[in-house]
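> Once you've had a glance at the structure underneath, I'll fire off some questions.
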Amino acid sequence: MIELLLPIFGFLIGTVASMIGIGGGVFIVPLLALLYGFSPAQAVGTSLTTIIFTSLASTANYSKQKRIYYKIGLILAITTIPGAILGAYLTSIIQQRLLGLTFGVFLIFVALRMIFRLNLSKTQSIISSEHTMLENKKKVWLGLALSFFGGLSSGLLGIGGGALLVPIMNLAMGMTMHVTTATSMFTMIFTSTSGVVQHLSLGHVNLESALLLAVGTIFGAQLGAYGSKKISGGNLRRIFGLVLIIISIRMILKYA
């Protein structure tokens, strides 16, 4: 009977995830592990499977709003995909405690910067178009290099990768928050799919639970994508920072 609550949980998670450009795994993984008794690896694999549907639904809505930098998203996927495959593989062989603690502490610093950086610094200009972004080779290469770790976190921790992709695009590459959240969801289609392929081969995916969650996240993603355009970029950044703090605290408590 408790399985019937998964679509409701999925709707709530999908709304928040789509709004701020993350996959929602930060909520799905502990939900499955704590409430449904999934093993850590199975929770991660099932979470990533759900995120495929969340990112597809979000992308469909954001595409109508013309907020996605498709070329940038595809470029970043070049490194997020191998990162996600490696991360998924590592779930079967690595002790995650040290990595989880390190990642959790790192996210706190990222979160604080997202919350309190009300404006981009004077040395960092806001990128106003995808064409301008592509002309800035230095920022593109920086984003490409850093995105590998977004993919790695996705496959290893089941969090979709947006927890790193959003600050990479906003802080390191200078993209606006509204474009960043939309492009992050688009990139996550490829990141999560590549991770799921590896998790499927390892037997880490509970397809029934993933689909029940996806029923809710698909509708929640539409609401989140619509709601995000009503919120200012500064407030989106603060909301994202607060969610990152939740992620980091959960990870530190889990691995401490």
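What follows draws every value from the coordinates through simple rules; no lab data is involved. Please read these numbers as outputs of a predicted model, since none were measured by experiment. With ideal geometry, Cβ positions are generated from the backbone for all residues, glycine too; neighbour counts draw on all protein chains shown.
> Which net charge results for the neighbourhood of T181, defined as the other residues with beta-carbon distances under 12 angstrom from its beta-carbon, given Lys and Arg at +1 and Asp and Glu at -1?
So the environment of T181 carries a net charge of +3.
> Can you tally the net charge around K66? Count Lys and Arg as +1, Asp and Glu as -1, for every other residue whose Cβ sits under 15 Å from the Cβ of K66.
+3
> Rounded to the nearest 20 Debye, what is the dipole magnitude of region 2-255 about its Cα centre when Lys and Arg each give +1 and Asp and Glu each give -1 at the C-beta?
I would put it at about 900 debye.
> When the C-alpha atoms of region 11-64 are aligned to their principal axes, what extent does each axis show, in angstrom, from largest down?
Rounded to whole Å, the extents work out to 38, 16, 14 Å.
> What order, most packed first, do the peptides 145-158, 204-217, 165-178, 61-74 have when packing is the mean number of other Cβ atoms within 10 Å of each residue?
Order by mean packing, descending: 145-158, 165-178, 204-217, 61-74.
> In addition: For the chain, what is the mean residue ellipticity at 222 nm derived from helices alone (per DSSP H run of n ≥ 4: -39500 (n - 2.57); sum divided by total residues; nearest 500 deg cm²/dmol)?
Result for the chain: -25000 deg cm²/dmol, rounded to the nearest 500.
> Right, next: Are there any helices in the chain, counted as whole DSSP H runs, that stretch 24 Å or more along their axis by Cα and score at least -1.0 on average by Kyte-Doolittle, and if so which?
40-64, 70-90, 97-116, 137-157, 177-201, 207-228, 233-255
> Hey, another quick one. Provide the convex hull volume over Cα atoms per residue for the chain, in Å³.
Taking only Cα atoms, the chain has a hull volume of 103 Å³ per residue.
> So which of K71/K137; K139/K230; K138/K229; K64/K229; K66/K138 end up more than 18 Å apart, counting from Cα to Cα?
K139/K230; K138/K229; K66/K138
> Determine, for I85, I28, the number of other Cβ atoms within 10 Å of each Cβ, and report the residues in order from fewest to most.
With the sparsest Cβ surroundings first, the list reads I85, I28.
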